[in-house]
Each structure stands twice: as structure tokens, then as C-alpha cells.
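Worksheet for the structure shown next.
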Amino acid sequence: MSSDGPVVAPLGRSRACADDAHQVCGHVGYATPPVPGRRRESTIRLCRCSCHRACPLAHRKEAVPVTVWQRRCACPGAEDARTKRGDPGESLPGPEEYWETYQRDSRQHSEARKDAFTAARSAALGKTRDEIRDLYLTELRARGLEIPREPLVGATIDVLSGDPRAGLRKTWKTALRMFTDR
Ligand SMILES: [Zn+2]
Ligand SMILES: [Zn+2]
Ligand SMILES: [Zn+2]
């Protein structure tokens, strides 16, 4: 089940690449917020756009640690975010941005998918991540929608189970300061 052929649309692209602004894409689909106390395990889901094929990380299908991305990514758009002093976290998109781009990229059934998301969100309060996941998948199935592939489901659950705008970026700033100050 790991490889069931190529995806038809290049889903999983960053917002920059979805907008055809390939030069500014830092090869980051979205960054997974670090678990407290486990900052070194912070990972980045790479942008799937074909414009990154010359990058040494291009063949990586799994999430890569942020430290690996900082060292090895050769994409021009990433230079800024990788080397910037101060607040590099600001330039890393969280799961919400990724999810929004995904919604926009896959217009098919987008209304129904939005409904499923809204239904799950209104029922998500006070639930655990696993419960929210079940909720969302149930809502999708009830509408006859396909269950998205793993990084996308994960991003959606991240959005549903928290308020990324409030929490993520702050956490990221702290985490990345740890990396860049070393
Ligand atoms: Zn691109
Ligand atoms: Zn890209
Ligand atoms: Zn790269």
C-alpha cells in the first residue's frame, strides 16, 4: 500500500508551487510542530512539485527532519528560510496552509469535503486526536468521499485538533531558534 502508482494531480505541493511561483518554494509542504521536549524530531513534509527534482532530497517520500532539510536541501527558494537569522519559523508553512492548498488543488468534491471538515470541526472540541480522526473519516465516508493519503489526513487532523494560527508558529520559532543557535 506504500506505492499505488503516481497521483494524477500533483497534490501535496506547497502554496508557492501551486501558484506557479516555483523559485520561491522552499521545498516545504508543511512542517510538523515539534512534540514538546523532542525538538530534534521535528519533521518537514517535502513539497511534491516536480520542480524540486534536482534537489538531493527529492527522492524522499517520507518526512525529513528539519535539520536534514536545513543542511541538504538545495532548492533556491529554501535559502532564505534555512539560513535566516531571527525568525525562520515565520516562513515555514504549517499544516493549515498545506491543507488549504490541497483543498484548492483538488477542486473535485471540494464543497462536500469542506462540509465534512466543518462537521468534524464543530464536533471536535474536547476530543482526542484519534477520536477526531475517526470523526473526520466518518464524515468523509458519509459523503462518499475518498480518504486522502496519509500526509494530507495528518495535516487535516492537525488543523482540526488545534488552532494552528495561535500555537504553531510560536512553537516553531522557539524550536528553530534552538537549531540555529547551536
Ligand atoms: Zn514547483
Ligand atoms: Zn515546491
Ligand atoms: Zn530541496
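The values are calculated or read from the model by the stated rules, or taken from the named source; none is laboratory data. Just so we're clear, the structure is a prediction, and the values are computed from it rather than from any experiment. Methodologically, a virtual Cβ is constructed for each residue, glycine included, from the backbone with ideal geometry; neighbour enumeration extends over all protein chains shown.
Selection of first residues in the stretch 128-148 that are closer than 15 Å to ASP158 by Cβ and among the aliphatic types (A, V, I, L, M) and of second residues that are part of a helix (DSSP H, G or I) and at pLDDT 90 or above, restricted to Cβ pairs under 6 Å at least 6 apart or on distinct chains, gives the following pairs, ordered by first then second residue: LEU135/ALA120; LEU135/ALA123.
Checked against the criteria, ALA119 does not count as modelled with pLDDT of 65 or more, of a type in the set (A, V, I, L, M, F, W, C), over 19 Å from the mean Cα position of the chain (by Cα) and in the same structural domain as HIS22 (by TED's automatic domain parsing).
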